[in-house]
Amino acid sequence: MPGRVTGESRVFPWVLRTLPLPPVREREVLRYAGCREAEESTLALLQSCLRETEELNTASLLFLTAPGDALCLPEGKTVSLLASSDMLCLFACTLGMAWDRLIRRYSHLSPARALMLQALGTERLESCLDGLTGADLGCPALLVRRRISPGYGDFPLEFQRELFRFLPCTSALGLTLSPSLLMTPSKSVTGVMGLSRTGADSPGCSACHLADCSFRRS
Amino acid sequence: MQRLSLIQRISQGPVLLDGGMGSLLQKQGLKAGEMPETWNVKYPERITEVHRAYLEAGSRILLCNTFGAHPGHYAPRELRDVIRGGIACARRARREAGLEEDSFLALDMGPTGQLPEPFGTMKPEQIMDWYRASMEIALEEGVDLIFLETLNDLMETRCALLSARQMTDLPVFVSNAYGADGRLMTGATPEIMVDMLEQMGADAVGLNCSFGPDALQPVLDAYLSLAHVPVLFKPNAGLPALNERGETVYDLTPDLFARKVAAMVSRGVRLAGGCCGTTPEHIRALARYMPASVPVRDNPHMTRVSGNTRSVTFGAAPVLIGERINPTGKKQFREALLRHELNVVLREGIGQEEAGAQILDVNVGVPGIDEPRLLREAVEQLQTVTELPLQLDTLNPAAMEQALIACRGVPLLNSVNGSPESMAAIFPLMRRYGGIAIALTLDEKGIPGTASGRLEIARRILREAEKQGLGPHRFIFDPLAMALSTDTGAPGVTLETLSLLRRELGALTSLGISNVSFGLPERETVNLTFLTMALHSGLSAAILNPYARRLMHTFRAFLALKGMDSQCDAYIRCVQASPLQTDPLPSAPSSAPSQDPSAPSPLFRAVRQGFREEAARLAREALASRDGMSVMNQDLIPALNDAGDGFEKHTVFLPQLLMCAEAASAAFEEIRLSRAAAPAATHLPFVLATVRGDIHDIGKNMVRLMLESYGFPVIDLGRDVPPETVLQAMQDHNTPLCGLSALMTTTLPAMEETVELIHRCLPQSHVMVGGAVLNEVYARKIHADSYARDAMEAVRLAEKAEKEYLERKEGGHV
């Protein structure tokens, strides 16, 4: 397997936190829904989805932090983005099952609404993770610089199994991993964050050569 | 000393469980990611040592180190070794401590780590196979009880307990892990879990893990006020944190932990121990503070049913059961069932829920149908769209059992009656799967003509049930409403029976209301008068049509008049949501499409902009003066094409396209309904599936919607579909058209296999593929006939493939 924890005597404990979700970025939701301009009916749909999910306003985060040299991650271009980090943070974050129930309900009745809820859930989760600070992760002196997930670029999806071994995702967070490496609840993200003292912001979409990607941020 | 049975021992006073295992092994060098059970074979002396420390601290029930010993984690031989090894370690510790006579060994089983359908891919039977495999090994080896713990999903818990109950008469304890919201990860409440587990024969129920004692107190209190079997409690040693050396430490010292837990035990807990972060020191301290005896709680037995997350209690306000999922007298519904279109069931389910139903009756009995399979599928699918408890309505015991396997929570079984045959079929199902039965007051000789005759049958049912261990709270009696038109005395007997059942037996009652008006004009007037009379006589549940507005208003008005609706809120909401007088057609509703001079008709605009209700209404109006074909070709298809062209040119985006398709489908449905005999489909059927192993289906659902809006009859096989099923469906529906979707790289081999199978068996077929991980090149590589980038392209490609196929067929090449 690609990943392992080195240093037998060291223990990197995990922490479970409930996080409030930041305000909704409506433009981001529309972007995730594949929508550059929205007609009246689309905006009405978004507003109605926002009302329906008003009470789903927290995420659960499970993580452990370890010095950058203590974790061996599979080598590759994507992982090399974390190279100069002082600390690495393995994490799993989920919005919980309520979103899956809602999306399933509408996938039969209104695929448009299911799509909008999918997009909204994704935005909720990404906004929450984007807003994390070093202090949130127990490292107040450090800045969160990069975040990668198994399946991004050349970071192998199989690393999901390792993550599930390092973190008690199932017992603490209620996350499960299917044999084909799908996570349930579906509005969940696992991955590795790099923290360091000095911060260069993530280059984001501008670093990517897929200029015609429908999700590209302008 | 005579060995006391475990259950006797617990009834004498609280018994100490043990504490954490994993955290102790980590201190001894178990690495992160290393499976703790492997140490049963690698370092048995260390495992034995942990057990012995717990025995010496006061534990009298040892959980073997088998928490994760599932076939999903271990190969068969390895599984046998770790389970046997784990039991041997505990047994040795017990012998060494000299406590063989006064301690018990438990096979400890945690979650499989896999989630059941519909959120995961595991079928209940697979989960049960896993648990049975491990239990079989342990039972051969010899344990005193089975301890199911840290389970955080209702269905998995249900499967684990079913497996244990099938395998053994030994005590089975069930402990769930609750989240911070006081529910299981998939939403079940303590109320739902306690009801279900007790009815299914758990010998003790409780909670463990998740948090420390303080945070779990509300859930524990709920258990103590609900349960009739012993309650167990095994919290963590508080919350985990980092210390300055970077170690996980829990914030409760052994002494503090023990004092908190002991205080809770004294309120009625019969089995106590610790979970993560607890050590023999915590258990030793707990032994010191543990009360010698605890009060015996006498909780009332409630008649309550539940779904996955919601429950309904009978006996206070009358309960409303929706009757519309039933093919009787509904031609279109029946035909849809015969075509295996479960969407009609789902729509009725959601519609009734929105109209105010609290429980849904589910009946799919059509002659010539595979009822066990269809009822089970209907139950599975309904539970994905509604949280309401279900009433399983079938005369077929095999269908009832299949539905019960798939059912989450405590359902109603409709029905049992006083005949020996019926009781022999239904009572064992109630014991195995739980559930409340609707008991009809009739028997093999028919329906008694008198109230006392019906009461006598009810008494007999209760007597027989008690012999099977089923208490009176497991039954709701139906005094049977019959047609007023054939016997004017019949409703009187029904109401008299209802009163007698209440007075003599203290029984709960339920009635199907609408039978009474059969054969009379203005049936609704008769129905609502009878409903009022029955409610006034103390009816506990009414089975009726929630779309019948006057009935619903009457029901709500009754609750308000009885003081069961504070501020009359529910009544006012109900009347406002479904006013009796429908307003004249609104000239400019707030959600109406804006004026667009270039658009040819209001219907075109409504569809193009995606206003679904508006489109349906306008289609209905248009159909008054035009035929369906012209509405379809002049309004719907042009609007769809307009949006589709825009989508391809990137001026219209996905949500708009989908809303346009939804509006077109709603209008299309009106056209279908308007014609007595629907014309033959304009297109060939299209078989659609997400491939085996993949449970992402939003893209597939979009393709279905778009195809349907263009008039393709779509056979949607759902998610995680094996290759053979796709092939079978194409053969059954005699179509060459099929679409496969996959989102994950890991499921692409399954897609390739499916394409290969279809091409081999149906060489003239056209297999279209799509999904996030695919592209043109890969689609060619796996020999797919076409690759659809998006839902719109899927329609274009389907039309093309269909045309080519028909041309070949005409040319005699097929």
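The values are calculated or read from the model by the stated rules, or taken from the named source; none is laboratory data. Just so you know, these numbers come straight off a predicted model, no measurement behind them. FYI the Cβ positions are ideal-geometry reconstructions off the backbone, even for glycines, and counts take in every protein chain you see.
Observations
- The helices (runs of 4 or more DSSP H) located wholly in segment B:598-642 that include 3 or more residues which are touching a residue at least 40 places away in the same chain (Cβ under 8 Å) and surrounded by fewer than 20 Cβ atoms within 10 Å (Cβ to Cβ) occupy B:612-625.
Residues checked against (1) more than 32 Å from the chain's Cα centre (by Cα); (2) at pLDDT 95 or above; (3) among the aromatic types (F, W, Y); (4) crowded, with 23+ Cβ neighbours inside 10 Å:
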| site | (1), (2), (3), (4) |
| --- | --- |
| B:F477 | no, yes, yes, yes |
| B:A483 | yes, no, no, no |
| B:L495 | yes, yes, no, no |
| B:F518 | yes, no, yes, no |
| B:Y547 | no, no, yes, no |
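- Of the candidates B:V767, B:V726, the single residue that is under 25 Å from A:R104 (Cβ atoms), under 37 Å from the mean Cα position of the chain (by Cα) and outside the structural domain of B:A666 (by TED's automatic domain parsing) is B:V726.
- Residue, surrounded by the fewest Cβ atoms within 10 Å (Cβ to Cβ), within segment B:100-137, restricted to residues that are in contact (Cβ under 8 Å) with a residue 60 or more places away in the chain, within 12 Å of B:H70 (Cα to Cα) and of a type outside the set (S, T, Y): B:A133
- Taken over segment B:372-393, the criterion of being away from every other protein chain (no Cβ under 14 Å) and either closer than 23 Å to A:I103 by Cα or under 9 Å from the mean Cα position of the chain (by Cα) (or both) is satisfied by B:R376, B:V379, B:P389, B:L390.
- When we screen B:R297, B:R334, B:R288 for residues that are surrounded by fewer than 21 Cβ atoms within 10 Å (Cβ to Cβ) and closer than 30 Å to B:D153 by Cβ, the only hit is B:R297.
- Residues satisfying the stated conditions in segment A:121-145, i.e. modelled with pLDDT under 95, part of a helix (DSSP H, G or I) and either within 13 Å of another protein chain (Cβ to nearest Cβ) or touching a helix residue (DSSP H, G or I) at 6+ places or on another chain (Cβ under 6 Å) (or both): A:L137
- Verdict on B:G718 being in contact with a Phe, Trp or Tyr (Cβ under 8 Å, 6 or more places away or on another chain), under 28 Å from A:Y106 (Cβ atoms) and assigned to a loop (DSSP other than H, G, I, E, B): no
- Answer residue from segment B:349-373, given it is buried (at least 21 other Cβ atoms within 10 Å of the Cβ) and not polar (S, T, N, Q) and is modelled with the lowest pLDDT among those: B:G349
- Considering segment A:146-164, the residues that are out of contact with any helix residue (DSSP H, G or I) (no Cβ under 6 Å at 6 or more places or on another chain), part of a loop (DSSP other than H, G, I, E, B) and at pLDDT 90 or above include one that is nearest to A:T190 (Cα to Cα), namely A:S149.
- Residue in segment B:456-470 that is out of contact with any Asp or Glu (no Cβ under 8 Å at 6 or more places or on another chain), on the phi > 0 side of the Ramachandran plot and assigned by TED's automatic domain parsing to the domain that holds B:I405 present: yes
- Of note, B:T509 satisfies the criterion of being in contact (Cβ under 8 Å) with a residue 12 or more places away in the chain and part of a strand (DSSP E or B).
- Among the numbered conditions (1) within 23 Å of B:G20 (Cβ to Cβ); (2) assigned by TED's automatic domain parsing to the domain that holds B:L390, the only one that B:M264 does not meet is (2).
- Residue in segment B:740-753 that is in the same structural domain as B:N701 (by TED's automatic domain parsing), closer than 19 Å to B:K809 by Cα and touching a His at 6+ places or on another chain (Cβ under 9 Å) present: no
- Residue satisfying condition, being surrounded by fewer than 23 Cβ atoms within 10 Å (Cβ to Cβ), modelled with pLDDT under 90 and facing chain B (nearest Cβ under 8 Å), within set A:S171, A:S218: A:S171
- Matching residues in segment A:83-120 - criterion: being within 11 Å of another protein chain (Cβ to nearest Cβ) and touching a strand residue (DSSP E or B) at 6+ places or on another chain (Cβ under 9 Å): A:L90, A:T94, A:G96, A:M97, A:D100
- Of the candidates B:L286, B:L337, the single residue that is modelled with pLDDT under 95, more than 17 Å from B:P190 (Cα to Cα), touching a Leu at 6+ places or on another chain (Cβ under 7 Å) and away from chain A (no Cβ under 14 Å) is B:L337.
- Residue check, B:T725 part of a helix (DSSP H, G or I), more than 10 Å from chain A (Cβ to nearest Cβ), of a type in the set (S, T, Y) and without any contact (Cβ under 8 Å) to a residue 40 or more places away in the chain: yes
- When segment B:693-714 is filtered for residues that are more than 9 Å from chain A (Cβ to nearest Cβ) and in a loop (DSSP other than H, G, I, E, B), the ones remaining, listed by number, are B:Y710, B:G711, B:F712, B:P713.
- Residue in segment B:69-78 that is assigned to a helix (DSSP H, G or I), surrounded by 22 or more Cβ atoms within 10 Å (Cβ to Cβ) and away from chain A (no Cβ under 14 Å) present: no
- With respect to the conditions (1) more than 30 Å from B:L320 (Cα to Cα); (2) at pLDDT below 90, B:L603 lacks only one, and its number is (2).
- Qualifying residue in segment B:114-122 (condition: more than 10 Å from chain A (Cβ to nearest Cβ) and aromatic (F, W, Y)): no
- Given (1) within 10 Å of another protein chain (Cβ to nearest Cβ); (2) modelled with pLDDT of 95 or more, number of the condition A:C49 does not satisfy: (1)
- Of the residues making up segment B:126-142, at least one is more than 12 Å from every other protein chain (Cβ to nearest Cβ), over 17 Å from B:A406 (Cα atoms), of a type in the set (V, I, T) and part of a helix (DSSP H, G or I).
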